[in-house]
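Trainee: Sharing a structure, written as structure tokens. Questions coming.
Every number here is computed from the coordinates shown, using simple stated rules; none is lab data. All of these numbers come straight from a predicted model, not from anything done at the bench. Cβ: placed from backbone, ideal geometry, glycine included. Neighbour counts: every protein chain shown.
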Amino acid sequence: MSLFKLRDFLKKKLVMDFSKYFAIGIIVTIMGIFLTWFLIDIFVINTIIARFSVLASLHFVKFFSYRITKLFSRKKLGHIQFIIYTVIVGFCYLLDIFLVWLLIEVLHIKTLISVTLVTGGLFLLRFILFKATRLIEED
């Protein structure tokens, strides 16, 4: 395979990987919003408990969605992938909380703008970290 064909293949693979990542992200985000609303407003469950439960549940849904769609390589053992995935996502959750607090409470930036910036930025950061840790590999 020539260098140019390899480069084109890798570009197409990157676009396909990001498309899968984006689609799963949109679906899981919508599920998260709905489930959080359902638990808090319909079942009147404590907000912190409801949100934690939704995030914890969707954590597994996302991981297995990435495995099923073959976004995550099947070459690595599932439990190793899950540990790496959990560390990355846990780090991003903590960074999310800190950055939202910083932008809203310290820098006094409006909530909608702050959350949008942090969510979008961390969405891209997670994808980059998944690539860097080879959860998403070039075949």
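Trainee: Over the chain, what is the mean sequence separation of C-alpha contacts under 8 Å (at least six apart), divided by residue count, expressed as relative contact order in percent?
Mentor: Computed value for the chain: 27 percent relative contact order.
Trainee: Sort the following peptides by mean Cβ neighbour count (other Cβ atoms within 10 Å, averaged over residues), highest first: 54-61, 108-115.
Mentor: The packing order, highest mean first, is 54-61, 108-115.
Trainee: Quick one: angle between helix 3-37 and the longest Cα principal axis of the chain, in degrees between 0 and 90, rounded to 10, please.
Mentor: Computed tilt is about 20 degrees.
Trainee: Can you return the lysines within cross-link range of Lys12? Criterion is Cα-Cα under 24 Å, with same-chain partners fewer than 8 residues away left out.
Mentor: Candidates past the 8-residue exclusion: Lys20, Lys62, Lys70, Lys75, Lys76, Lys131.
Trainee: Efficiency by 1/(1 + (r/R0)^6): what FRET value for Ala132 and Ile45, r their Cβ-Cβ distance, R0 = 41 Å, to the nearest 0.05?
Mentor: My answer for the efficiency is 0.65.
Trainee: May I pose another question? Need one number for the chain: average projected area of the convex hull over its C-alpha atoms, nm².
Mentor: That works out to 10.1 nm², a quarter of the Cα hull's surface.
Trainee: Placing unit charges on C-beta atoms (Lys and Arg positive, Asp and Glu negative, everything else neutral), compute the dipole magnitude of segment 1-71 about its Cα centre in debye, rounded to 20.
Mentor: 540
Trainee: So how far apart, in nm, are the two label points at Ser53 and Val15 if each is 7 Å from Cα heading toward Cβ?
Mentor: Each label point lies 7 Å from its Cα, and together they span 4.3 nm.
Trainee: When the dipole is taken about the Cα centre of the chain, and only Lys, Arg (+1) and Asp, Glu (-1) are charged at their Cβ, what size is it in debye, to the nearest 20?
Mentor: Dipole of the chain, to the nearest 20 debye: 700 debye.
Trainee: Another question, then. Stretch Met31-Leu124 to full length: gain in nm at 0.36 nm per residue minus the Cα-Cα span?
Mentor: Extending this stretch completely gives an extra 31.5 nm.
Trainee: With an 8 Å cut-off on Cα pairs and a minimum separation of 6 or more residues, tell me the relative contact order of segment 1-71 in percent.
Mentor: 40
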